[in-house]
Amino acid sequence: QVQLAESGGGLVQAGGSLTLSCAASGRTSGSTPMGWFRQAPGKGREFVAAIGSGGSSRFYDDSLKGRFTISRDNAKNTVYLQMNSLKPEDTAVYYCAGDPDGDYATSWWSYWGQGTQVTVSS
């Protein structure tokens, strides 16, 4: 079993940056791909980014590519999401996830954090 805890959310002005962290505890997360999802008010949860277990393979939602960067530090059991040039439409609860069942964007992920709120003001 893996427990995931996100941090780093908050309020930021449009154009600003935030870095989210996801700390894993329990069985090491180093053996599983990790991902970030988000859910805006009134909308469904959507895929943001994913990273392979070794850290060399990275995948992004096409609309976010270039602004968001996912990375991981397996020694610290932590996954990061660097978000730049933030827009009001990036406002959402951001969730960390681990151990996908297949395709990163559409499959079931076994482990989820509680989420961290990101609010981008205009």
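The values are calculated or read from the model by the stated rules, or taken from the named source; none is laboratory data. What you see is a predicted model; the values in this text were computed from it and never measured. Because the Cβ atoms are built from the backbone with ideal geometry, glycine has one as well, and the counts that use them run over all protein chains shown. Protein only, heavy atoms only, side chains kept; ligands, DNA and RNA dropped before computing areas. Shrake-Rupley method; radii C 1.70, N 1.55, O 1.52, S 1.80 Å.
Hydrophobic (A, V, I, L, M, F, W, C) and closer than 23 Å to residue 12 by Cβ: is that true of residue 75 in this structure?
Numbers: hydrophobic (A, V, I, L, M, F, W, C): yes; closer than 23 Å to residue 12 by Cβ: no.
It is false that residue 75 is hydrophobic (A, V, I, L, M, F, W, C) and closer than 23 Å to residue 12 by Cβ.
So which pairs qualify, if the first residue must be in the range 74-93 and free of Cβ contacts under 8 Å to residues at least 60 places away in the same chain and of a type outside the set (Phe, Trp, Tyr), the second must be assigned to a loop (DSSP other than H, G, I, E, B) and surrounded by fewer than 15 Cβ atoms within 10 Å (Cβ to Cβ), the Cβ gap must be under 7 Å, and the two must be at least 6 apart or on different chains?
77/28; 91/40; 92/40
One line per residue, one yes/no per condition, for (1) within 23 Å of residue 119 (Cβ to Cβ); (2) among the aliphatic types (A, V, I, L, M); (3) touching a His at 6+ places or on another chain (Cβ under 9 Å):
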position: 54; (1), (2), (3): no, no, no
position: 58; (1), (2), (3): no, no, no
position: 64; (1), (2), (3): yes, yes, no
position: 69; (1), (2), (3): yes, no, no
position: 75; (1), (2), (3): no, yes, no
position: 98; (1), (2), (3): no, no, no
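Pull up the range 108-122, narrow it to residues that are outside any strand (DSSP E or B) and open to solvent by 50 Å² or more (accessible area, probe 1.4 Å), then point me to the one that is farthest from residue 5 (Cα to Cα).
Of all residues in the range 108-122, those outside any strand (DSSP E or B) come to 108, 113-115, 122.
Within this subset, residues satisfying the condition of being open to solvent by 50 Å² or more (accessible area, probe 1.4 Å) are 108, 114, 122.
On the way: 108: 19, 114: 7, 122: 28 Å.
Per the criteria, the residue is 122.
Test residue 24 against the criterion of being among the aliphatic types (A, V, I, L, M), open to solvent by 60 Å² or more (accessible area, probe 1.4 Å) and either touching a helix residue (DSSP H, G or I) at 6+ places or on another chain (Cβ under 6 Å) or modelled with pLDDT under 95 (or both), and give yes or no.
no
List the number of the failed condition for residue 29; all other conditions in (1) modelled with pLDDT under 95; (2) open to solvent by 30 Å² or more (accessible area, probe 1.4 Å); (3) of a type in the set (Gly, Ala, Ser) hold.
It is condition (2) that residue 29 fails.
Of everything in the range 84-107 that's assigned to a loop (DSSP other than H, G, I, E, B) and among the charged types (D, E, K, R), which residue is surrounded by the most Cβ atoms within 10 Å (Cβ to Cβ)? Spell out the reasoning first.
From the range 84-107, those assigned to a loop (DSSP other than H, G, I, E, B) are 84-87, 91, 101-107; that's our starting set.
The next check asks that each one be among the charged types (D, E, K, R); those that pass are 87, 101, 103.
On the way: 87: 12, 101: 10, 103: 10.
Across the range 84-107, the extreme among qualifying residues is 87.
Do we have residue 38 as surrounded by 20 or more Cβ atoms within 10 Å (Cβ to Cβ), within 17 Å of residue 112 (Cβ to Cβ) and in contact with a strand residue (DSSP E or B) (Cβ under 6 Å, 6 or more places away or on another chain) here? Spell out how you get there, then give the answer.
Numbers: surrounded by 20 or more Cβ atoms within 10 Å (Cβ to Cβ): yes; within 17 Å of residue 112 (Cβ to Cβ): yes; in contact with a strand residue (DSSP E or B) (Cβ under 6 Å, 6 or more places away or on another chain): yes.
Considered against the rule, which asks whether it is surrounded by 20 or more Cβ atoms within 10 Å (Cβ to Cβ), within 17 Å of residue 112 (Cβ to Cβ) and in contact with a strand residue (DSSP E or B) (Cβ under 6 Å, 6 or more places away or on another chain), residue 38 comes out as yes.
I'm trying to understand the selection: among the residues of the range 1-21, which are among the β-branched types (Val, Ile, Thr) and at pLDDT below 95? Spell out how you get there, then give the answer.
Going residue by residue through the range 1-21, those that are among the β-branched types (Val, Ile, Thr) are 2, 12, 19.
2, the sole residue that qualifies.
Take the residues in the range 44-71 that are exposed (fewer than 14 other Cβ atoms within 10 Å of the Cβ) and closer than 17 Å to residue 98 by Cβ, then tell me which one is farthest from the chain's Cα centre (by Cα).
Filtering the range 44-71 down to residues exposed (fewer than 14 other Cβ atoms within 10 Å of the Cβ) leaves 44, 54, 56-57, 62-63, 65-66.
From the residues that got through so far, the ones that are closer than 17 Å to residue 98 by Cβ too are 54, 57.
On the way: 54: 16, 57: 15 Å.
Taking the candidates together, the pick is 54.
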